[in-house]
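Values in this text are rule-based calculations from the coordinates and carry no lab data. What you see is a predicted model; the values in this text were computed from it and never measured. Note that each Cβ is placed from the backbone with ideal geometry, even for glycine, and that neighbours are counted across all protein chains shown.
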Amino acid sequence: MKVSDRVSSIEPSPIRKLMDRVGSMREVLGLHVGEPDFDTPKIIKEAAKRALDEGATHYTFAAGIPELREAIAEKLLRENSVTADPEGEITVTIGGYGAIFSAIQALVNIGDEVLIPEPAWPAYRGFVRLAGGIPIPIPLKPPEYMLDVDAIEDRITEKTKMIIINTPNNPVGSVYPKDVLTCIARLSAEKQIYLLSDEVYEKIVFDGISHFSPASIQDAREYVISIYSFSKTYAMTGWRIGYVVASKDVTRAIRVVHSYMASCVSPAVQIAALTALREAEDYVRMMVDKYRERRDLAYDLLSEIPGVECIKPKGTFYLFPDFSHIEPSSIKLSEKLLEKARVATVPGLAFGEAGEGHLRISVAASSETIREAIHRIKRIVLC
Ligand SMILES: Cc1ncc(COP(=O)(O)O)c(C=O)c1O
């Protein structure tokens, strides 16, 4: 069989591979999981059931049902200080995945360079390669893993088409402050480079820190493409719904890709998402409180392990401790923990070279699981 050069240039997602493997093993404590362990709120499920019964079973507008796009526009204004026209600037997509895929396909030409601050969610590289682009990794600034705007500026060439940023950040848990985001947004506008701002963890932030959306900066707005999702916020990963916000011209291009790829998102799922936006905020607060408690627990336990350095994340449900003094190869360490301690973690190398020596630990697991799993990790690394 001769597959396309585009597809053969990319590796299957390392996290998916790990999930499949762990899924086939017995009695593993999972700290590798990238999705909420909570169930979707009942009111959201009920809304979908009702919608199906009432006949929401056919294609919708490719861009999404107007009521949902209007509710999204209100949410964007209220929570993100982003003004967006529901008619021409918001597209409902198959999760954040569909949003990012469509935006990159719509904008990146063969040979274009896309700057990706790393450690980064590994799928970005795959999306860029599928479009024929060239992913260019740029290390985030340790120890806080902050966006290094000077390093990004230095790496811009005439081939640079896009910069991808992710705040709150998977895997490192950093939340970029307003001043840094303002700098990167202004830089992209000045250089006429698109800034893809992945904000799928926007609501999972702690300690009074607020999330900031670069699309709220008026003079950069034309170049910013903002990605949002219902997956992490409302424990709706399996429903596959998100949205992308961009200028009218960019949205037109994104909708071409989206409609060829997906036609539209299932109508019952769109109606469920509308209910999520209108009625599920208490549930979101409850989940975020739980993630914060578990983050504190995991942080305290990891910090007690001699040789492990850990930064307390400001957002997401991940910690990214540095084990390099104990074992420089994150793949070897993760493998050893899986085989000998029956604890699943994601090796930092999966997020790029800048992640080597680290493990991604997810706290989308019960406190008991977290306590027992980190106890086992400690036993293994100390012996
Ligand atoms: C940083 C980041 N962006 C986007 C996504 C896509 O999520 P979804 O397609 O479920 O919205 C994920 C999922 O893990 C992620 O971690």
- Taking a quarter of the surface of the convex hull around the Cα atoms of region 54-194, what do you get in nm²? 10.0 nm²
- Figure the gain on full extension for Lys45 and Arg16 (residue separation times 0.36 nm, minus the Cα-Cα span) and round it to one decimal in nm. 7.8 nm
- Using 16 Å as the cut-off for backbone N distance, which residues of region 299-328 belong to the label zone defined by a point 7 Å from the Cα of Lys340 along Cα→Cβ? 306-308, 323-328
- Item | Overall Cα dimensions of the chain - principal axes, largest extent first, Å | 60, 53, 53
- Inter-probe distance in nm under a simple model that places probes 7 Å from Cα toward Cβ, at Lys159 and Ala62: 3.1 nm
- Given a cut-off of 15 Å, what percent of all Cα-Cα pairs of region 233-331 lie beyond it? 74 percent
- Task: Could you work out, for region 83-152, what percent of all Cα-Cα pairs fall into each 5 Å distance bin, beginning at 0 Å and stopping at the bin that holds the largest distance?
- Result: 4, 15, 20, 18, 17, 15, 8, 1, 0
- Query: If only Cα atoms are counted, what is the Rg of region 338-383, and what is its Dmax, in Å?
  - Reply: 11.4, 32
- Message: On a full-extension model of 0.36 nm per residue, what is the gain between Arg252 and Phe38, subtracting their alpha-carbon distance, rounded to one decimal in nm?
- Response: 73.5 nm
- Isotropically averaged projected area of region 1-124, using the convex hull of Cα atoms (one quarter of hull area), nm²: 12.9 nm²
- Message: If the elastic network links every pair of Cα atoms under 10 Å, which of Arg255, Arg26, Arg50 fluctuates the most in the Gaussian network model of the chain?
- Response: Arg26
- Which of the GluC sites (Glu not before Pro) found in region 128-173 are in a DSSP loop and have at most 15 neighbouring Cβ atoms, other than their own, within 10 Å? Glu144, Glu158
- Message: Using Cβ contacts closer than 10 Å as the measure, can you line up Cys264, Cys183 from fewest to most?
- Response: Cys183, Cys264
- Task: Please work out, to two decimal places, the log10 of the ratio I(q)/I(0) at q = 0.15, 0.17, 0.20 Å⁻¹ from a Debye calculation in which every Cα of region 144-223 carries one identical scatterer.
- Result: -0.50, -0.64, -0.87
- Task: Using R₀ = 25 Å, calculate the FRET efficiency as 1/(1 + (r/R₀)^6) where r is the Cβ-Cβ separation of Ser4 and Met261; round to 0.05.
- Result: 0.95
- Message: Using the crude model of +1 on Lys and Arg Cβ and -1 on Asp and Glu Cβ, and no other charge, please compute the dipole size for region 1-159 relative to its Cα centre, in debye to 20.
- Response: 740 debye
- Item | region 87-149, dipole about Cα centre (Lys/Arg Cβ +1, Asp/Glu Cβ -1), debye to the nearest 20 | 240 debye
- Task: Specify which residue in the list Ser216, Thr160, Ile134 is farthest towards the positive end of the charge dipole of region 42-279, using unit charges on the beta carbon of Lys, Arg (+1) and Asp, Glu (-1), about the Cα centre.
- Result: Ile134
- How far, in nm, would the chain grow between Ile331 and Lys141 when pulled straight, counting 0.36 nm per residue and subtracting the alpha carbon separation? 66.2 nm
- Between Ile380 and Ile134, the two model label points (7 Å from Cα along the beta-carbon direction) sit apart by a distance in nm of 3.8 nm
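Determine the dipole magnitude for the chain: charges of +1 sit on the beta-carbon of Lys and Arg, -1 on that of Asp and Glu, nothing else is charged, the reference point is the Cα centre, and the result goes in debye to the nearest 20. If you can, show how the numbers build up before the last one.
Numbers: 46 positive and 52 negative charges, 201 e Å.
That gives the chain a dipole magnitude of about 960 debye.
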- Query: For region 305-363, what's the radius of gyration and Dmax over Cα atoms, in angstrom?
  - Reply: 10.8, 31
